[in-house]
Structures are given as structure tokens and as C-alpha cells.
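First comes the structure, then the notes that go with it.
The values are calculated or read from the model by the stated rules, or taken from the named source; none is laboratory data. Given the structure is predicted, the values throughout are model-derived calculations rather than measurements. Heads up, the Cβs are rebuilt from the backbone with ideal geometry, glycines too, and the neighbour counts pull from every protein chain shown. Just so you know, the surface numbers come from the protein's heavy atoms only, side chains and all, with ligands and any DNA or RNA stripped out. Shrake-Rupley method; radii C 1.70, N 1.55, O 1.52, S 1.80 Å.
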Amino acid sequence: MSSVPPILLLNGPNLDMLGVRQPDVYGSDTLDDVVRLAERTAADAGFGLRAFQTNHEGEMIGAVHAARGEVSGIVINPGGWTHTSVALADALVIPEVPIVEVHVSNVHAREAFRHHSYISPIAAAVIAGCGIAGYEFAVRRLAALAG
């Protein structure tokens, strides 16, 4: 096991329903598929991975707070909180590690309210519209930034 702190993978509301919710938009892969892909990718880069998903904003903020001093970086798909949560954006600066924002769908090709992100200004990179492969890209980018 590496002595390098792990990468934290965070998934927000409704992402536990990947593979069920709007497969025409989000595909048929599940959150378990996402976690397995991210774990393999992190391991290939010499990192462990911790994964957390919640539909409760306070729980997500608590997980971010707990990450301070414990992780090399954060890959986050904030789901709907992308467009609404100043509190989550404020929390994400607390761990003082690189952040990569990822979205399964191309949020910029969807409804206008999805075009704004409170997370993007603090993210080192933003990946959208690549399906779950976006998580692989995000972990690779974060590993390069944190390595």
C-alpha cells in the first residue's frame, strides 16, 4: 500500500441512481462501475481511493472537512449542487488540495441553469460529457497534479 494519501472521490445527489436515472442522458453504468473504474485508475497511478456518495448536502460538507490533511486531492461530481451550493464551494477550499470537477453529461449542452458552476472557479480542471470515462480522466489529471 502506498504511503501517499488517497484520492477522495465524491458524488453528490442522485448519483447513486446512475444506470437507472435517465439512461439516455447518463448512460447505463452504475455508481459501482464508477467507483471500480476510479479505483483501478488511481491504483495504476500509485494512489489509493476513498469513495463517498450522499444525497445530503451537510454530509457532503462534513466529508470535505474531514478530508483536510487526509487526501492528495478530490475528484467531485457535485450533481445538482454544482449549480446551487455556495456552501459546498466554500467547503472545498478547506482541504487545500487540487480538485477536479466531473460531470457524466455535457452540462453546457443542457438546460441553461446547468451552465453555471459554483465549483469550477476553484477546480484545477473540469471534465464534462465523457460519460463515466470522465472519472478516469479526472483521476489521472488529479494524480498528475498531486504527484
Looking at the structure I just gave you, is Glu96 modelled with pLDDT of 95 or more, open to solvent by 20 Å² or more (accessible area, probe 1.4 Å), part of a loop (DSSP other than H, G, I, E, B) and charged (D, E, K, R)? yes
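Kindly indicate the residue of region 44-100 that is among the charged types (D, E, K, R) and more than 13 Å from the chain's Cα centre (by Cα) and also farthest from Asn14 (Cα to Cα) among those meeting that condition.
Asp44
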Test set (1) open to solvent by 30 Å² or more (accessible area, probe 1.4 Å); (2) at pLDDT below 95; (3) within 16 Å of the chain's Cα centre (by Cα) - Met1 fails condition number: (3)
Based on what the data block shows, is Ala42 open to solvent by less than 80 Å² (accessible area, probe 1.4 Å), within 24 Å of Arg140 (Cβ to Cβ) and hydrophobic (A, V, I, L, M, F, W, C)? yes
Looking only at region 45-78, which residues are under 16 Å from Met17 (Cα atoms), out of contact with any strand residue (DSSP E or B) (no Cβ under 7 Å at 6 or more places or on another chain) and open to solvent by 20 Å² or more (accessible area, probe 1.4 Å)? Asn55, His56
Give Gly19, Gly12 a once-over and let me know the one that is within 13 Å of the chain's Cα centre (by Cα), among the small types (Gly, Ala, Ser) and either crowded, with 16+ Cβ neighbours inside 10 Å or more than 18 Å from Arg140 (Cβ to Cβ) (or both). Gly12
Among helices (runs of 4 or more DSSP H) entirely within region 1-69, at least 2 residues that are free of Cβ contacts under 8 Å to residues at least 40 places away in the same chain, closer than 23 Å to Ser105 by Cβ and of a type in the set (Asp, Glu) occur in 31-44
Looking only at residues that are in a helix (DSSP H, G or I), modelled with pLDDT of 95 or more and in contact with a helix residue (DSSP H, G or I) (Cβ under 9 Å, 6 or more places away or on another chain) in region 103-136, which one is surrounded by the fewest Cβ atoms within 10 Å (Cβ to Cβ)? Pro121
